[in-house]
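Step one of this worksheet: look at the structure below.
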Amino acid sequence: MSWTIHDIGDLHGRVALVTGANTGIGRATAEALAAHGTTVVLACRDLAKAERTAAAIRMSGAARQHRDKTKPDPVWRGRDARTTLNEREDLASATRRGRDARASLSHGQYLATTTRRGRDARTRLNEGEATTMGEVVPLHIDLASLRSVRAAAERFRDRFDRLDLLINNAGVMVPPYTITEDGFELQIGVNHLGHFALTGLLLDRLIETEGSRVVTVSSVGHRRGVIDFADLHSRRRYEPLTAYNQSKLANLLFAFALDRRLRGTTTRSLAAHPGAARTELMRHSPWHFRFVVSRRTRWLFSWLIQDEDRAALPTLRAATDPGATDYFGPSGWREFTGTRAVPARPHPKSRDLEVQERLWAESERLTGVTFDAKRGAPR
């Protein structure tokens, strides 16, 4: 079943935390959620950048609301739908994905019934009414520091009594060899262990929130990943891409193992991957990688690399689609690019229960965070 950003419903009243939300796919995810009414916490290492991003998202939302109020003939791009509102004529005819939906509108009247994949959606349309933008809140977190992760979780818990969506998005890719303050290789530390700890520390908020979800962002690179339990932190030999692929396999192993532990609750753990995306994540890559993802060569490699807005679609579907399966990616060739988010094919090794449990035990030992899905309380 195809899915685009226009399938996101009303998210008012929900709270989401998105790591790495000041740039790239994280920012695109946060902006889309906020545009649909979600209160979004931008959890970022650089608080100043997070504050600037929050201000930019608020401004874009205000501009969108202003356009909705002042344009007599609004056109929503990306949809095959045109809606004309006229004070003297109460009629709207819209075509969405080849299906006709007709709605009769009158001044101050409740109406709009459309069928979207067999579901009815009802919207109150009032003269001059616009969608309310969700609140955007910066939060400092350094996923390379368990001390910072614990502090960020406490600050979140002090302010919010619910958590509908936890988007484990932040990541680093092929940096120079670095050991974190906790003794972890940077990629396994940030991409997996930091998110493992954050999820455990917020698990009670998630379980207490009806229908909540954890979405962990992996990569097609997980297919080449191997969990090297004998040298998890690459102390014997460091190959940047090998360490990255290991961390992305760890993301999937964690997501699937967590979902199994959450059975019996209304909380779900899902995963997504963005395909090949043109983002800052590639800044440490070899020159030929940077050449391919450069915005100057966009016209040449558009079949292989996509911008962050499209790359965020799998994450958004995992977070918001009521009928979501457990893993999503782009719809195009080899899941590199795509205009839609579709169920993806994880490598069978990500389903290995023995490896999942071994990594889980090691992650609890390294982070000092253990999960109790029945009580929802971290220990």
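Annotation for GLU210 and ARG358: the two label points, set 7 Å from Cα along the Cα-Cβ direction, are 4.2 nm apart. Charge tally for LEU143 (other residues, Cβ to Cβ under 14 Å; Lys, Arg +1; Asp, Glu -1): -2. The GluC sites (Glu not before Pro) of segment 155-210 that DSSP puts in a loop, and whose beta carbon has at most 13 other beta carbons within 10 Å, are GLU181, GLU210. The amide H of VAL41, built 1.01 Å from its N in the peptide plane, has ALA16, LEU17, VAL18, VAL137 as neighbours under 5 Å, considering only residues 5 or more places off or on other chains. Residues whose amide H falls under 5 Å from that of THR370, counting only those 5 or more places apart or on a different chain, are ARG379, with hydrogens built in the peptide plane.
If we count other beta carbons within 10 Å of each Cβ, what is the order of SER145, SER247, SER212, SER60, fewest first? Numbers along the way, then the final one.
Details: SER145 19, SER247 29, SER212 24, SER60 14.
Ordered by Cβ neighbours within 10 Å, fewest first: SER60, SER145, SER212, SER247.
Inter-label distance, GLU135 to ASP161: 1.3 nm, where each label sits 7 Å from its Cα along the C-beta direction.
Note on segment 181-254: Cα Rg divided by 2.2 N^0.38 Å, N the number of residues, gives 1.22.
Here the Karplus relation 6.51 cos²θ - 1.76 cosθ + 1.60, evaluated at θ = phi - 60°, turns the backbone of segment 263-275 into coupling constants of 4, x, 10, 8, 8, 10, 10, 10, 9, 8, 9, x, x Hz, with x for every Gly and Pro. Electrostatic bookkeeping for TYR238 treats Lys and Arg as +1 and Asp and Glu as -1; over the other residues with beta carbon under 12 Å from its beta carbon, the sum is -1.
Each other residue within a Cβ distance under 13 Å of GLU185 adds +1 if Lys or Arg and -1 if Asp or Glu, for a net charge of -2. Our coupling estimate for segment 211-219, obtained by passing each phi through the Karplus curve with A = 6.51, B = -1.76, C = 1.60 and θ = phi - 60°, is x, 6, 9, 10, 10, 10, 8, 9, 7 Hz, Gly and Pro reported as x.
In terms of other Cβ atoms within 10 Å, ILE57, ILE25, ILE227 run from fewest to most in the order ILE227, ILE57, ILE25.
Length gained on full extension, ALA151 to MET59, computed as 0.36 nm times the residue gap minus the Cα-Cα distance: 30.2 nm. Ordering VAL217, VAL342 from the fewest to the most neighbouring beta carbons within 10 Å gives VAL342, VAL217.
No value in this document is a laboratory result; all are computed from the given coordinates. Owing to the predicted nature of the structure, the values given are computational and were not obtained by experimental measurement. Here the Cβ is made from the backbone with ideal geometry for all residues, glycine too, and neighbour counts use every protein chain on show.
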